[in-house]
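The values are calculated or read from the model by the stated rules, or taken from the named source; none is laboratory data. Keep in mind that what you see is a predicted model, and the values were worked out from it rather than measured. Don't worry about glycine lacking a Cβ; one is built from the backbone with ideal geometry, like all the others, and counts go over all protein chains shown.
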Amino acid sequence: MWDEQDHFSRWVQFVCAIPLIGFGALFEYHYWTSTYVASSYRGVLGFGCLGLGIRCLWYAITGKDNVNRDDF
């Protein structure tokens, strides 16, 4: 499981990547456009969601560099 030939796990990673990228973009948009002094946790949370979402999407497309296992 979780290798290049496992199509089920690649679909799971794809399904997880879409909301993570969306939430990350939403958090970053809110962080950069808010009119009050924003807390730094929103920026960190946004970049974390974007980073994890992009990594999940990369695995879903290529089958390499899985989030759960890095020995491929």
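State all residues of the stretch 24-36 that are more than 9 Å from the chain's Cα centre (by Cα) and either closer than 12 Å to Leu52 by Cβ or modelled with pLDDT under 85 (or both); if no residue qualifies, say none.
Step one: filter the stretch 24-36 for residues more than 9 Å from the chain's Cα centre (by Cα), giving 25-36.
Those that are more than 9 Å from the chain's Cα centre (by Cα) and either closer than 12 Å to Leu52 by Cβ or modelled with pLDDT under 85 (or both): His30, Tyr31, Trp32, Thr33, Ser34, Thr35, Tyr36.
Identify all residues within the stretch 43-54 that are in contact with an Asp or Glu (Cβ under 8 Å, 6 or more places away or on another chain) and modelled with pLDDT under 90; write none if there are none.
Result: Gly43, Gly46.
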